[in-house]
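Worksheet for the structure shown next.
The values are calculated or read from the model by the stated rules, or taken from the named source; none is laboratory data. As the structure is a prediction and not an experimental result, all values here were calculated from the model. Because the Cβ atoms are built from the backbone with ideal geometry, glycine has one as well, and the counts that use them run over all protein chains shown. Please note that ligands, DNA and RNA were not included when accessible areas were found on the heavy atoms of the full protein model with its side chains. Shrake-Rupley method; radii C 1.70, N 1.55, O 1.52, S 1.80 Å.
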Amino acid sequence: MKTLTNLLALFFILTTAYSFGQTTLKGKVVDEKGLSLPGANVSLKGSYDGATADGAGNFQFKTTEKGEQIIQSSFIGYEAYSQTIILKNGLMELTVKMRETANELNTVTVTAGTFEASDEKKTTLIKPIDIVTTAGGGADITQTMTLLTPGSQRNGESTGMFVRGGSAQESKILIDGITVQNAYNTASPDVASRSRFAPFQFKGSAFSTGGYSAQYGQALSAVLQMNTTDLATESGYVINANLAQLSAGYTQLTDNHSINGTVAYSNLTPLFSIYPQNIEWKKIPEQLNISTSYRLKPSSGENFKFDAIYGKSVSGMMFKNAENNNVLTEFGIKNDNLFLTSSYQKALDKDANWVLKSGASYSYNFDDLKAGTSTFGKTEQRSQLRATLTHSFAENNNILFGTEGHSAKYDLLVQQNGEKNNNTLVDNYGALFSESEFYITRKLAGRIGVRGEYSSLESGFNLAPRFSLAYKTGQYSQVSMAGGKFYQTPDYRYYFYNKNLQYEQATHAVLNYQIIKNKRTFRVEGYYKKYENLVREYPSTTGYFDANPQRFPNGKTDNSGHGFAQGVDVFFRDSKTVKNGDLWVNYSYCDSKRLFGNYIAEAQPTFVSNHNLNVVYKHFIAKPMMTISGTYSYTSGRPYYNPNNANFLSERTPDVHNTSVWLNYLTNVKGNFMVIYLSVDNILGTKNVYNYRYSTDGKTRTEITPAAYRTIMIGTYITISKKKVLPEDMRKN
């Protein structure tokens, strides 16, 4: 058992490409009498590295952090424990002795891949290894989140995250607390796009599906927080080659800083040659990405990060244009995207009771789009500044103050029928927020926050209170609730026609129960969201509904829209029953109706599915060193518009089924680690239909299907460094 456990831990190290320079922390958590404390959480302060003590109070985890660090432990009914340690490569053993307290509740801290019981009671922390080893996720962060976490769903023809009845625009992606303006590659009609970021750019991703922290705003439904990697652990090269992409990167590490550069070229021609396409491509997608990162860690309580990512892409396809009786029309994309972001963190005193975090970013995105004889030039720019100051008190109580400011500019050039129109919008946005976590009794913890926002587009100010409570029902279980107000600026395109639109609003109420015991997690959560002030459109022709998802909003608008979403999410994870196996199961039920946009009646939105089920299983094999993963996904039919049916959005698409597999094999080439991987999406070749489009006269219906019914990917990943390790060394480790 010990050998297999060590091999499994090694697999994680190899796959994440942080093969060297790690410290293994091993020990036991006990009380003052020396009795073990199973379920206690142990972690490094300011890091995602940690573990939960097993039934005997033992813990073990690996970290890439270096030098002087603070190890901390928390357990219900015991005072928080912290101790300064010096991390060196190899094994470090220690005993964590905790003192019982009669009147305080300690926080249940985050562990990898599980739901957190104290941070808004609904957050999942996912590490890069969870992303790349999930079949059907395509090693894409946002796609994998929809498979591993309940509450979100995949809409095959649409780009973005659809969470608990919310549209893709209602979910925001953050990097180190900074909003990402254009998180996805520009999408073609009815073809979903990937996110722009690679999993190993981040040390962890936390997905909040509702009732999220007052630190963040401008999202009616959810936020995905991605935290960038810290100081590198080894100098060396990384090469990745598959049927779609070739990339190479180099990292240089010195004593307290590291710099990395990566170049990736994508061309889908080899991939498309393997299996037939359901799309007529005029220009097969091609993309160049260049990225660099710099890390500086002057001391254990201070670090600076800088990342620059540039992407340039081009593609062209023929699509059936519903506005022209489904006649094939050419659609072309040329995209340039630049994202610069930096963050700085510093402990202002030796005990890290005062911590300053700040960040800044600039993003630029230009889309040159061609649809038939019409062309569109869209430019989006955003500059951001953000800072938070946190003070920690005794017994893990704390208070946070923060502010952020954005300046965004939107330019739209439309050339159609010989006419040229140019529109420009500027939005200056600012926010102040504060949040405090406190402990009321031995079993009751709370978090309360408030956020105030101002936007020059709305010329108005909003105030959004948020709260969460957690009550410990047992040693391993907890009941929690959360709620609050959430605001979002409407789609900026509406402001080209109406400068008087106000914030859209959503009120969240969440209640859940969670138990984590013996490497098993069970969680059930019910929620209700009420939407107000949604934007409504009034077309010039009464009763006319335009179902074209690429349409440009026009006509009269106001904030009279409304709606609701309610449902239940169930999550179960079992890493115990099957030796070396890991099972994830999540199910979501969502009931939602809205009157918004150009809807002519209140109805279930076309992007909402009532039932979603995902079953993910991963199995780790010691000899040969490999991992096998399988995923089954089910999505019930969604509403679609049939102009021949008097009942608005009353018909449903067929259910969608998808079964995918993924495997990798670990080996080496002259002492350099090598991974060979294979993935097959929709291995059964199920003929899924995502949606239907009707011609303008309603006589012709077109099926919207995947770009290909089955996708196969094979590739290799290799790291080249000065330190050589052989397979027998890998097994000994």
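Things to note:
- Residues within the stretch 514-555 that are more than 30 Å from the chain's Cα centre (by Cα) and either free of Cβ contacts under 8 Å to residues at least 12 places away in the same chain or over 22 Å from residue 487 (Cα atoms) (or both), tallied: 11
Yes/no matrix, rows are residues, columns are (1) in a strand (DSSP E or B); (2) basic (Lys, Arg); (3) farther than 30 Å from residue 202 by Cβ; (4) in contact (Cβ under 8 Å) with a residue 40 or more places away in the chain:
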position	(1), (2), (3), (4)
330	yes, no, yes, yes
340	yes, no, no, no
351	no, no, no, no
359	yes, no, no, yes
362	yes, no, no, no
380	yes, no, no, yes
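- Qualifying residues in the stretch 288-307 (those that are crowded, with 17+ Cβ neighbours inside 10 Å and of a type outside the set (Ser, Thr, Tyr)) - the one farthest from residue 67 (Cα to Cα): 289
- Taken over the stretch 647-677, the criterion of being open to solvent by less than 40 Å² (accessible area, probe 1.4 Å) and among the small types (Gly, Ala, Ser) is satisfied by 660, 671.
- Options 375, 388; residue that is modelled with pLDDT of 90 or more, open to solvent by 20 Å² or more (accessible area, probe 1.4 Å), hydroxyl-bearing (Ser, Thr, Tyr) and in a strand (DSSP E or B): 375
- Hey, residue 259 among the β-branched types (Val, Ile, Thr) and surrounded by fewer than 18 Cβ atoms within 10 Å (Cβ to Cβ) or not: yes
- The condition of being over 23 Å from the mean Cα position of the chain (by Cα) and either farther than 23 Å from residue 240 by Cβ or modelled with pLDDT under 95 (or both) holds for only one of 645, 612, that being 645.
- Just so you know, in the stretch 448-457 the residues that are aliphatic (A, V, I, L, M) and part of a strand (DSSP E or B) include one that is most open to solvent (accessible area, probe 1.4 Å), and it is 448.
- Candidates are the residues of the stretch 345-369 that are within 21 Å of residue 230 (Cβ to Cβ) and of a type in the set (Ser, Thr, Tyr); the one that is farthest from the chain's Cα centre (by Cα) is 358.
- Taking the criterion of being in contact with a Leu (Cβ under 9 Å, 6 or more places away or on another chain) and either polar (S, T, N, Q) or open to solvent by 30 Å² or more (accessible area, probe 1.4 Å) (or both), the residues of the stretch 574-585 that qualify are 575, 577, 579, 580, 585.
- Any hit, the stretch 336-354, residues being among the basic types (Lys, Arg), open to solvent by 50 Å² or more (accessible area, probe 1.4 Å) and farther than 30 Å from residue 389 by Cα: no
- Unique match (being surrounded by fewer than 17 Cβ atoms within 10 Å (Cβ to Cβ) and of a type in the set (Ser, Thr, Tyr)) among 544, 503: 544
- The stretch 671-713, subset aliphatic (A, V, I, L, M) and part of a loop (DSSP other than H, G, I, E, B), residue nearest to residue 285 (Cα to Cα): 707
- The stretch 308-320 - residue that is open to solvent by less than 30 Å² (accessible area, probe 1.4 Å) and not small (Gly, Ala, Ser) and, of those, nearest to residue 84 (Cα to Cα): 309
- Of the residues making up the stretch 512-527, those that are buried (at least 17 other Cβ atoms within 10 Å of the Cβ) and not β-branched (Val, Ile, Thr) are 512, 514, 522, 523, 525, 527.
- Output for the stretch 581-598, where each listed residue is touching a residue at least 40 places away in the same chain (Cβ under 8 Å) and among the hydroxyl-bearing types (Ser, Thr, Tyr): 587, 588, 592
- Of all residues in the stretch 692-706, those being buried (at least 19 other Cβ atoms within 10 Å of the Cβ) and over 25 Å from the mean Cα position of the chain (by Cα) number 3.
- If you go through the stretch 522-542 and keep only what is of a type in the set (Gly, Ala, Ser) and within 28 Å of residue 376 (Cβ to Cβ), you end up with just 540.
- Of the strands (runs of 3 or more DSSP E) lying entirely inside the stretch 135-247, those containing at least 1 residues that are open to solvent by 10 Å² or more (accessible area, probe 1.4 Å) and within 25 Å of residue 658 (Cβ to Cβ) are 171-175, 236-242.
- Checking the stated criteria, residue 460 turns out not to satisfy the condition of being surrounded by fewer than 22 Cβ atoms within 10 Å (Cβ to Cβ) and closer than 17 Å to residue 208 by Cα.
- Scanning the stretch 648-670 for residues that are touching a residue at least 60 places away in the same chain (Cβ under 8 Å) and assigned to a loop (DSSP other than H, G, I, E, B) turns up just one, 648.
- Residue 571 closer than 30 Å to residue 57 by Cα, open to solvent by less than 40 Å² (accessible area, probe 1.4 Å) and in contact (Cβ under 8 Å) with a residue 24 or more places away in the chain: yes
- Among residues of the stretch 295-315, those that are outside any strand (DSSP E or B) and at pLDDT 95 or above, counted: 0
- Within the stretch 428-447, the residues that satisfy the criterion of being open to solvent by 60 Å² or more (accessible area, probe 1.4 Å), farther than 16 Å from residue 388 by Cα and part of a strand (DSSP E or B) are 428, 438.
- Complete set of residues in the stretch 586-607 that are within 22 Å of the chain's Cα centre (by Cα) and open to solvent by 40 Å² or more (accessible area, probe 1.4 Å): 587, 589
Here is a yes/no grid of residues against (1) at pLDDT 75 or above; (2) aliphatic (A, V, I, L, M); (3) open to solvent by 20 Å² or more (accessible area, probe 1.4 Å):
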| site | (1), (2), (3) |
| --- | --- |
| 81 | yes, no, yes |
| 87 | yes, yes, no |
| 94 | yes, yes, yes |
| 126 | no, yes, no |
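- Selected residue (criterion: nearest to residue 524 (Cα to Cα)) from residues of the stretch 183-211 that are at pLDDT 90 or above and of a type in the set (Lys, Arg): 194
- Subset of the stretch 650-693 (residues that are under 18 Å from residue 630 (Cβ atoms) and out of contact with any Ser or Thr (no Cβ under 9 Å at 6 or more places or on another chain)): 678, 685
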